[in-house]
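The values are calculated or read from the model by the stated rules, or taken from the named source; none is laboratory data. Source: prediction; values computed, not measured. FYI the Cβ positions are ideal-geometry reconstructions off the backbone, even for glycines, and counts take in every protein chain you see. These area figures cover heavy atoms from the full protein model, side chains too; ligands, DNA and RNA do not enter into them. Shrake-Rupley method; radii C 1.70, N 1.55, O 1.52, S 1.80 Å.
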Amino acid sequence: KDFLLCFQCWLWRTYGDPERHGSWRLQRLDLSRNTLSDESLCSVLETLKALDLRVGRLLLSGNRLRGTGLAKVTDYIWNCRDPLVELDLSDNEIHGEVGESDGISGLLRCLYNHPSYPMMQEHQKAVPLQLGLGGNYIKDAQGLMNDILAKGSKDGKAPKIRICSSPESYLQDHEEFLSLFLAGNFLQQRGGPPGNHAPDASAITLRSRSRRRQKRKAQQAQQVAQAQPQPAPVAVPEAPPPAAPAAEHGHRRRRKEKTEAKEAPQAPQAPAQVPLLSEEDHKKLQAEVGKKLQKLEGLPSDQSTCDMLSEFTVCMFVARKAPQEVETELASFLGQDYATKLAAWFMKHVRHHYKPAAVAAGWK
């Protein structure tokens, strides 16, 4: 939790207000080899979605991601307008099997139906998504991939799914809705599945997207317009479309889904919290805390340590932690005596010089 709060503060300080400068974007977020639990990864992915953070490469290998976490990955991708370049889920605890309604099927269904995939470059060049799934608990990986490819090439038509041999872009010779480069060794999986896995309930259903090119171009034009220096409208994320019965005709099915989407009640959206401090005030308060730390005798006075502790202190205030919580957290770094002195000064200083923010944080 503290990592996510500090991460959010770092984004504000580094990239500024997303309402003024546009959505935050990271080329790479690497949380690999941390043995993070499924619950912890769910919190990370929920935060990425809530912040509308656009990530180019999301690397989560070497953790303990399971069915619930994989569903969060799918939900994040569906609600993110920008396509991923790489998604590494290898060496986790993901379960999958041919013919089973598992999380992998839900993920691939999401990618197939998402209008931003495959990512397109100039001159009709497609960029395959680099997807790492090796080292999980997928039974008969080759059979699962054959099943997916078979569903993408029905009725003798050109296949809508391509499995690439390299991550390089290529010139499309026909319309495709899913293009993957399976990074690592997808066929090399672990033994039996772990206990307590929570498979996703959504089965893969590869729906027709014969008219989505025009929608894709309209969305790209909208993104270009939103990239101009003006306040961007807040987009209400839509849930992934439900799978339609196979017996319905493609055009009737699409019209039915649009009608159901309009009639379905929207879940109440939690109001976004207004930042306690402006970017300028955040930096100013952090500098003031740094000066106070340097005046406390017996503490390390080097600049890097002061910067780290001052940023951590301000981030806890911005995260609306209670004064007692701030003191408790500081005690783990400074010891109880110094933590008590700094917390008392910090509370008094904020109440006097940043009164509106103190009231909003409940520091009355």
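Ignoring ligands, DNA and RNA, what accessible area per residue does the stretch 73-186 give at 1.4 Å, in Å²?
Values: 4380 Å² over 114 residues.
Accessible area per residue: 38 Å².
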(message) Place a point 7 Å from the Cα of residue 332 along the Cα-to-Cβ direction; which residues of the stretch 275-317 have their backbone N under 17 Å from it?
(response) 308-317
(request) Please give, to one decimal in nm, the separation of the simple spin-label points placed at residue 308 and residue 50, each 7 Å out from Cα toward the Cβ. (result) 2.6 nm
(request) Within the stretch 72-113, find all residues whose amide N lies under 20 Å from a label point positioned 7 Å from the Cα of residue 11 along Cα-to-beta-carbon. (result) 72-88
(message) If I take every Cα pair under 8 Å that is 6 or more residues apart in the stretch 1-147, average their sequence separation and divide by the length, what percent do I get for the relative contact order?
(response) 21 percent
(request) Grab the Cα-Cα distance for residue 324 and residue 119, subtract it from 0.36 nm times how many residues apart they are, and report the gain in nm with one decimal. (result) 69.0 nm
(request) At 0.36 nm per residue, minus the direct Cα-Cα distance, what do residue 340 and residue 168 gain on full extension? Give it in nm, one decimal, please. (result) 56.3 nm
(request) Starting from the Cα of residue 278, move 7 Å in the Cα-to-Cβ direction to define the label point; list residues of the stretch 1-27 whose amide nitrogen is under 17 Å from there. (result) 12-21
(request) Could you please state how large a percent of the accessible area of the stretch 116-189 is carbon and sulfur, counting protein chains only and using a 1.4 Å probe? (result) 48 percent
